[in-house]
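Working notes for the structure below.
The values are calculated or read from the model by the stated rules, or taken from the named source; none is laboratory data. From a predicted model like this one, the values you see are computed outputs, not experimental measurements. Cβ atoms come from the backbone with ideal geometry, glycine included; neighbour counts cover every protein chain shown.
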Amino acid sequence: MRRPRPPWLRTLPVLALSGVLALTACTAGDGAADLGIVRPADAQDETHEEAVSTPAAAPECENVTASYDAAEDIAAASSPALSAIRERGRLVVGVSSDTYLMGARNSFTGQIEGFDIDIARDLAEAILGDPDALELQVITSADRIPALQSGDVDLVVRAFSITCDRWDEIAFSTEYYRSGQKLLVSTDSEATSLEDLAAMGDARVCAPAGTTTMSRVEEFDVTAVGGATHSACLVLFQQGLVDAIAGDDTILAGLSAQDPYAKVVGEAISVEPYGVGVQAGARELVAVVNAVLAQRVADGRWDESYDRWLADPLGTEGEPPQPVYGRT
């Protein structure tokens with residue numbers, strides 16, 4: 001289903017998306033590392049501190065979703081990061097392999113696919129001229145910033161919420177999807193919020209370590225259970241070891257589609273703007289990513305991807321967020 005284009009699209013410039021010739025395509029690893037051991041909160045603190053970089057608190061940023069201006073001509077854009085990608089002949093992107101609908105391995109084809117993967121393929125096509133000139137590296141939520149800082153990946157497209165603290169460590173594209181944190185509970189549960197779960201007494205809520213979701217859960221009088229991934233949380237949920245899973249609505253929609261005894265409940269307890277993660281200082285690469293994201297909206301690819309992956313569980317009214325530029 002094609003939705004009317006947002007009004008802000010009328011102001012977007014026409015972007016040149018000609019890419020350079022691509023070299024060989026690469027596929028992802030087996031993804032086994034994306035399912036890790038889940039630890040309860042009382043045994044998690046040390047692991048959490050090791051897995052997540054914890055810089056000094058950042059000052060409030062005026063507009064967390066503001067990014068650098070989009071490139072006018074991708075083929076003409078030049079920087080050390082872009083040169084390295086072009087010389088290598090493939091774009092290395094950190095993704096999930098078990099976030100159903102966003103980035104998950106198809107059990108029949110073995111390929112990782114989803115809303116986030118569509119973006120990664122479009123980025124490879126724009127930069128290298130071939131959507132298959134792509135190496136997908138499976139990473140956990142806690143790996144996202146370290147993978148960028150170490151240079152193991154060029155980009156991260158993994159349901160990555162843009163926050164002020166993260167801007168202190170890496171850079172982000174403009175917002176490409178706006179999610180919200182909700183809860184997954186059993187179909188016979190009456191709980192619709194973290195407040196309800198806190199009132200139950202000794203409720204256990206699972207969320208991946210190193211995420212904004214876990215930080216939110218820890219604000220309530222519940223036992224926070226940290227997992228490597230949401231799929232690891234789902235295993236505990238199905239075993240009856242946790243009462244609920246907290247996460248972004250996009251992710252929970254995928255989990256509920258895999259479990260007929262689970263449901264997504266409640267109003268969103270936060271706004272989660274998703275952006276493509278980029279190494280700090282790589283402004284030209286961010287500008288190229290922003291150009292691709294804008295063009296995906298302008299030519300209808302955002303709509304096509306949303307309709308394929310997210311319209312059924314989340315509704316057909318989804319619209320792309322308006323990009324905000326001007327970061328200096």
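This table checks each residue for (1) under 25 Å from VAL235 (Cβ atoms); (2) hydroxyl-bearing (Ser, Thr, Tyr).
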site: GLU72; (1), (2): no, no
site: ARG86; (1), (2): no, no
site: SER97; (1), (2): yes, yes
site: PHE115; (1), (2): yes, no
site: ASP130; (1), (2): no, no
site: ALA133; (1), (2): no, no
site: ASP165; (1), (2): no, no
site: GLU169; (1), (2): no, no
Point to revise | Single match in THR229, THR211 (criterion: buried (at least 22 other Cβ atoms within 10 Å of the Cβ) and in contact with a Pro (Cβ under 7 Å, 6 or more places away or on another chain)) | key: THR229
Exercise for review: Could you run through segment 251-281 and say how many residues are surrounded by fewer than 24 Cβ atoms within 10 Å (Cβ to Cβ), modelled with pLDDT of 95 or more and within 19 Å of the chain's Cα centre (by Cα)?
Suggested key: 3
Review point. Is there a residue being farther than 30 Å from GLY281 by Cα and among the basic types (Lys, Arg) anywhere in segment 157-180?
Key: no
Exercise for review: Kindly check whether there is at least one residue in segment 77-97 that is under 19 Å from PHE172 (Cβ atoms), crowded, with 24+ Cβ neighbours inside 10 Å and among the polar types (S, T, N, Q).
Suggested key: yes
Check your understanding: What strands (runs of 3 or more DSSP E) lie completely within segment 181-274 and have 1 or more residues being within 25 Å of VAL156 (Cα to Cα)?
Key -> 204-208, 223-227, 244-248, 271-274
Revision key, fill the gap. Within segment 129-181, residues among the acidic types (Asp, Glu) and over 15 Å from VAL278 (Cβ atoms) come out as ASP130, ASP132, GLU135, ASP143, ASP165
Review point. Is it true that VAL288 is out of contact with any helix residue (DSSP H, G or I) (no Cβ under 6 Å at 6 or more places or on another chain), crowded, with 24+ Cβ neighbours inside 10 Å and more than 23 Å from SER215 (Cβ to Cβ)?
Key: yes
Review point. Quick one: is VAL286 in a strand (DSSP E or B), in contact with a Phe, Trp or Tyr (Cβ under 8 Å, 6 or more places away or on another chain) and at pLDDT 95 or above?
Key: no
Revision key, fill the gap. Residues of segment 65-96 being among the charged types (D, E, K, R) and more than 23 Å from PRO273 (Cβ to Cβ), in sequence order, are GLU72, ASP73, ARG86, GLU87, ARG88, ARG90
Review point. Only one of TYR306, TYR325 is over 18 Å from the mean Cα position of the chain (by Cα) and either part of a helix (DSSP H, G or I) or not assigned by TED's automatic domain parsing to the domain that holds ARG158 (or both); which?
Key: TYR325
Check your understanding: Taking only pairs six or more apart or across chains, which ones have beta-carbon atoms under 8 Å, a first residue in segment 117-140 that is at pLDDT below 95, and a second residue that is surrounded by fewer than 24 Cβ atoms within 10 Å (Cβ to Cβ) and not in a loop (DSSP other than H, G, I, E, B)?
Key -> THR140/ALA33
Study note, to complete from the structure: Pairing a residue in segment 267-285 that is under 19 Å from GLU319 (Cβ atoms) with any residue that is among the hydroxyl-bearing types (Ser, Thr, Tyr) and not in a loop (DSSP other than H, G, I, E, B), where Cβ atoms lie under 6 Å and the two sit 6 or more apart in sequence or on different chains, gives GLU272/SER161; GLU272/SER179; TYR274/TYR177
Review point. Does at least one position in segment 120-138 carry a residue that is closer than 17 Å to ASP248 by Cβ and of a type in the set (Val, Ile, Thr)?
Key: no
**Study point:** Per-region count, segment 97-148, residues in a loop (DSSP other than H, G, I, E, B) and more than 15 Å from the chain's Cα centre (by Cα)
**Key:** 11
Exercise for review: Kindly provide the set of residues from segment 185-204 that are farther than 16 Å from SER256 by Cβ, modelled with pLDDT of 95 or more and not charged (D, E, K, R), ordered by number.
Suggested key: SER193, LEU194, LEU197, ALA198, ALA199, ALA203
Exercise for review: Considering only residues that are within 18 Å of the chain's Cα centre (by Cα) and of a type in the set (Val, Ile, Thr), look in segment 204-245 and name the one that is nearest to SER193 (Cα to Cα).
Suggested key: ILE245
Check your understanding: Of the residues that sit in segment 186-240 and are touching a strand residue (DSSP E or B) at 6+ places or on another chain (Cβ under 8 Å) and acidic (Asp, Glu), which one is farthest from THR99 (Cα to Cα)?
Key -> ASP202
